[in-house]
Structures are given as structure tokens and as C-alpha cells.
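The values are calculated or read from the model by the stated rules, or taken from the named source; none is laboratory data. Only a predicted model underlies this, so the values are computations on that prediction, with no experimental measurement involved. Counting neighbours? That spans all protein chains shown, and the Cβs are built from the backbone with ideal geometry, glycine included.
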Amino acid sequence: MARRKTGVGVAQKLAGCGILAVLGLIVVWLLVQQSRFNPAVLVAARPPQPQVVAQTPSGQAGRATAALIPQVSGFTPLAPPESYGPDNLSDKIDGKAELYLQAGFKEMSCRRFRLGEADGASLEVFVYDMGTPAHAFAVFSGQRRPGAAGLALTTHAYATPNALFFTYGHYYVELVADRAGPGLQSSLETFARAVLAKIPAAPEPPDEAGLFPREGLVLDSVRLSAADAFGLEGFNLVYTAEYTLEGGRVTAFIARRATPEQARGDAQKYVDFLTANGYKKVPTPGPAGDFPVLALDDSFAVVMVEGRTLAGVHDAPALKAALETAARLRAALRDKP
């Protein structure tokens with residue numbers, strides 16, 4: 001028997017039309033919302049932008065010393081300031097960086113200038129922050145040119161035909177031209193005074209280099225060893241000076257310590273160091289017998305303590321010269337706080 005066809009009822013047709021109408025409305029709503037897309041979504045979807053930090057040509061962020069290099073009338077800048085820290089100082093002064101690093105170097109900035117007309121001398125200015133005045137003097141004295149003329153610019157300042165060097169507070173400053181010439185020295189001093197005007201004023205510390213007695217002293221010979229003086233590890237902040245005596249050249253030393261006990265302890269370490277390197281104690285006549293005198297071949301050394309100051313003779317060619325220098329040191333240091 002043949003089947004009867006099942007027809008679609010009116011109710012079903014109406015339900016289907018209703019569903020299609022709802023779907024159409026949803027599509028229309030979505031299109032409208034997309035046309036109103038919030039721009040904040042686009043911003044949030046972007047990758048983060050790198051922050052821009054002002055940098056010097058060395059690749060280091062600008063340092064405080066850069067602000068101490070002035071612009072002076074008559075000096076045309078040839079490049080922006082460059083700044084260096086302990087991690088990359090050797091990029092600028094390869095071969096000398098170790099001297100600065102051992103002396104507590106913090107940072108350095110430098111800048112090149114043209115002096116006067118287009119064919120004028122080229123000048124580079126270096127400002128080093130050494131952390132303390134003593135460390136600034138250590139690098140100043142460690143590179144001082146023999147026979148260079150001293151200047152009254154600061155306590156420690158000197159000039160060569162094409163350069164000027166000085167310390168002020170914990171800063172060490174170099175101004176180096178590519179050539180000497182008429183009027184250059186005056187121009188360098190003008191620039192140096194402009195640098196000094198930018199350095200914050202600070203009381204000058206006691207000049208420990210001035211503790212050496214003046215008689216027989218070679219004036220430009222005073223040096224400060226910031227670390228491991230004479231090869232003795234930990235024997236730090238030791239001033240040395242050369243004396244000319246009838247018996248020959250003598251090296252004297254002075255080291256100030258926080259307490260008399262520390263001075264005596266360092267004195268004993270130095271005596272032990274000399275003994276370990278072959279020096280032997282020798283008898284001395286008269287009042288010199290209260291401090292050790294040691295000798296190795298034709299080299300004599302003396303070690304003594306006055307209050308919190310350790311001092312003595314590192315090298316003398318004869319016993320008489322060693323004792324004479326030690327006596328002068330003792331007289332100069334007596335009653336010093």
C-alpha cells in the first residue's frame with residue numbers, strides 16, 4: 001500500500017522563520033559593534049615600546065661629571081660629552097685604566113673642543129670622580145711629569161707646554177691640547193677656572209703630602225700609592241717622597257692611620273714583609289735604637305710610628321743617610337694629631 005506524504009505544518013514554518021529572523025538580527029548587531037571597535041583594544045594589542053634614555057656616545061647613560069664640563073667662550077665643542085664607568089674606562093684610556101681603578105675610580109666624562117679659529121688647537125677635557133681627595137691625588141701624583149711647572153690654581157696643580165692638570169676635592173681634571181702654542185697656557189687656565197666654578201665647593205682636607213720635611217725634598221717627587229705600596233698587599237694609602245742627601249737619593253714614606261694601634265700593626269706587617277724578602281735588622285747607635293733599621297746589601301730601611309702615623313725610609317744607599325732622613329721625619333711628625 002502506498003505511503004502518504006507528510007506535509008510541513010503551518011506552526012513549523014512560522015518557527016523556522018522566527019529563528020532565521022533572530023539570527024539576522026544577531027548578525028546586524030555584530031556588524032554595528034565592529035564598526036564601533038574600541039581603539040584601546042588596538043593599543044593593548046601592540047607590543048610594548050622601548051623606553052628612550054638619553055645616552056652619551058660611549059653608550060653609557062649621562063653621568064654627573066658631564067655636567068662639570070662647561071662651555072666657555074672661545075672654545076667650540078666638537079662633539080657631545082662622553083662618559084665612562086669602571087666597566088668600560090679602558091675603552092677610552094687603555095693602558096692607564098688600572099691606575100685609576102686601583103685608586104677607587106667612580107666615573108669620568110670628557111669632551112673635545114676647538115680653541116679659537118678653525119685651525120686652532122684641539123683640546124680634550126677629562127673630569128674624573130675618584131671618590132675621595134686622597135684617591136684624586138693618587139692618580140694626579142702617579143702621572144706627574146718630572147720637572148713640570150707648579151700652578152697656584154689649586155693645592156695640587158701643574159702645567160706642561162700643551163696641558164694642565166689639577167685636583168679639587170675628589171675630582172681629578174686634565175686639559176690636554178694637541179699642540180703647544182702662544183697663549184695656550186692662559187687659555188687652559190681660563191677653562192680650568194670655569195671647571196672649578198662648576199664643582200661644588202668643599203673644604204679642602206688636610207694636605208698629608210705636606211707632612212714631609214722640606215729640607216732636601218725633591219719637590220715634584222711626592223706620590224701617593226693607593227694600594228699595595230712597595231708590593232705589600234693591603235699596604236694602602238702610602239705617601240712617598242724622594243730626598244737628595246750627600247750619601248745619595250733616599251725614598252721616605254708616610255702613612256696616616258685611623259688609630260695608633262692600626263699604625264703600629266701596619267708597621268709590624270711592613271717589618272715582617274722586609275724580613276721575608278731578605279732584610280735583616282742591624283744595630284744602630286744613639287737615639288735611633290728605638291725604631292727598627294733593616295738592611296739588604298746596600299739598601300737600608302727604617303720603620304717608625306708617631307701617634308697614628310707610620311713613617312720611615314723605604315730605601316737609602318747608606319746607614320747614615322737612612323738615619324738622617326728618619327730623624328728629620330720624626331721631628332716633622334712629632335706632636336701631629
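Taking the stretch 77-121 only, how many residues are of a type in the set (Asp, Glu) and part of a helix (DSSP H, G or I)?
So the count comes out to 2.
Hey, can you tell me all the residues within the stretch 153-168 that are surrounded by fewer than 19 Cβ atoms within 10 Å (Cβ to Cβ) and either out of contact with any Lys or Arg (no Cβ under 7 Å at 6 or more places or on another chain) or over 28 Å from residue 78 (Cα atoms) (or both)?
154, 155, 161
Six or more apart or on different chains, Cβ under 9 Å: which pairs go from a residue in the stretch 226-249 that's within 20 Å of residue 146 (Cβ to Cβ) and not assigned by TED's automatic domain parsing to the domain that holds residue 103 to one that's assigned to a loop (DSSP other than H, G, I, E, B) and among the charged types (D, E, K, R)? Could you list them?
Close Cβ pairs (under 9 Å, with a partner that is assigned to a loop (DSSP other than H, G, I, E, B) and among the charged types (D, E, K, R)) amount to 243/215.
Could you grab the pairs with beta carbons closer than 6 Å, sequence gap of 6+ or different chains, first residue in the stretch 119-140 and free of Cβ contacts under 8 Å to residues at least 40 places away in the same chain, second one crowded, with 22+ Cβ neighbours inside 10 Å and among the aliphatic types (A, V, I, L, M)?
Listed by first residue and then by second, the contacts come to 136/130.
Take the residues in the stretch 153-185 that are β-branched (Val, Ile, Thr) and either part of a strand (DSSP E or B) or not assigned by TED's automatic domain parsing to the domain that holds residue 116 (or both), then tell me which one is farthest from residue 254 (Cα to Cα). Full working, then the answer.
Let us first name the residues in the stretch 153-185 that are β-branched (Val, Ile, Thr), namely 154-155, 160, 167, 173, 176.
Going one step further and asking which of them are either part of a strand (DSSP E or B) or not assigned by TED's automatic domain parsing to the domain that holds residue 116 (or both), we end up with 160, 167, 173, 176.
Numbers: 160: 28, 167: 20, 173: 25, 176: 31 Å.
Within the stretch 153-185, the match that is farthest from residue 254 (Cα to Cα) is 176.
Any residue in the stretch 269-295 that's at pLDDT 95 or above: show its pairings with residues that are in a helix (DSSP H, G or I) at Cβ separation under 6 Å, as long as the two are six or more apart or on different chains.
294/274
Could you please find all residues in the stretch 241-300 being part of a loop (DSSP other than H, G, I, E, B) and surrounded by 20 or more Cβ atoms within 10 Å (Cβ to Cβ)?
292
Hey, can you tell me all the residues within the stretch 61-73 that are surrounded by 13 or more Cβ atoms within 10 Å (Cβ to Cβ) and either assigned to a loop (DSSP other than H, G, I, E, B) or at pLDDT below 95 (or both)?
Across the stretch 61-73, the qualifying residues are 62, 63, 69, 70, 72.
Got a number for residues in the stretch 278-337 being of a type in the set (A, V, I, L, M, F, W, C) and farther than 17 Å from residue 213 by Cα?
Selection size over the stretch 278-337: 11.
Taking residue 329, is it out of contact with any Cys (no Cβ under 7 Å at 6 or more places or on another chain) and buried (at least 18 other Cβ atoms within 10 Å of the Cβ)?
yes
Based on this model, can you work out whether residue 230 counts as in contact with a Ser or Thr (Cβ under 9 Å, 6 or more places away or on another chain) and at positive phi?
Answer is yes for this residue.
Could you grab me the full set of residues in the stretch 231-257 that are modelled with pLDDT of 95 or more and either among the aliphatic types (A, V, I, L, M) or touching a His at 6+ places or on another chain (Cβ under 6 Å) (or both)?
Within the stretch 231-257, 232, 237, 238, 241, 250, 251, 252, 253, 254, 255 meet the criteria.
Counting only residues that are charged (D, E, K, R) and more than 26 Å from the chain's Cα centre (by Cα), which one in the stretch 180-220 is farthest from residue 161 (Cα to Cα)?
So, considering only residues that are charged (D, E, K, R) and more than 26 Å from the chain's Cα centre (by Cα), the one farthest from residue 161 (Cα to Cα) is 215.
Got a number for residues in the stretch 122-152 being surrounded by fewer than 20 Cβ atoms within 10 Å (Cβ to Cβ), in contact with a strand residue (DSSP E or B) (Cβ under 6 Å, 6 or more places away or on another chain) and assigned to a loop (DSSP other than H, G, I, E, B)?
3
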